[in-house]
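What follows is a short report on a single structure.
The values are calculated or read from the model by the stated rules, or taken from the named source; none is laboratory data. It should be emphasised that the depicted structure is a prediction, and the values quoted were computed from it without experimental measurement. FYI the Cβ positions are ideal-geometry reconstructions off the backbone, even for glycines, and counts take in every protein chain you see.
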């Protein structure tokens, strides 16, 4: 921008967006100074490079404002994990499903994991039944995104909210 531009000629665009054609850099800088604005290189790879007369501080401020606005509109989805065992009791699974329903209603994904220990690895079907029961109990708030899958000693399933 301004005196940092080293090319001899540039294609110039004024502050209203009108093209002024190919102009020597010194003349473009003088025109920017007359309007008390900055000469900013917009397309440095073009032949000749494209420069624009603008208020650079205002431009940077508006870019930061747009970026902040776009971040504000983003919805961050967190993954909450709930761990179960194949031998989980009825009351414990009810407590865990209530917690999962709260997570799903607040817009988060839920990763449900059944961890197998020792000889439980021989009975992975029981873990799958626990996960299917869990999915059925949370069916009013969420649906299965990824079906139960055994990975090492853990069987995992992902739930997402219905809305």
key: Any strands (runs of 3 or more DSSP E) falling wholly within the stretch 1-98 and containing at least 2 residues that are in the same structural domain as residue 120 (by TED's automatic domain parsing) and within 30 Å of residue 129 (Cβ to Cβ)   = 79-84
note = Subset of the stretch 116-138, residues loosely packed, with under 14 Cβ neighbours inside 10 Å and in a loop (DSSP other than H, G, I, E, B), comes to 117
ask   = Within the group 71, 147, 65, which residue is exposed (fewer than 13 other Cβ atoms within 10 Å of the Cβ), modelled with pLDDT under 90 and within 27 Å of the chain's Cα centre (by Cα)?
value = 71
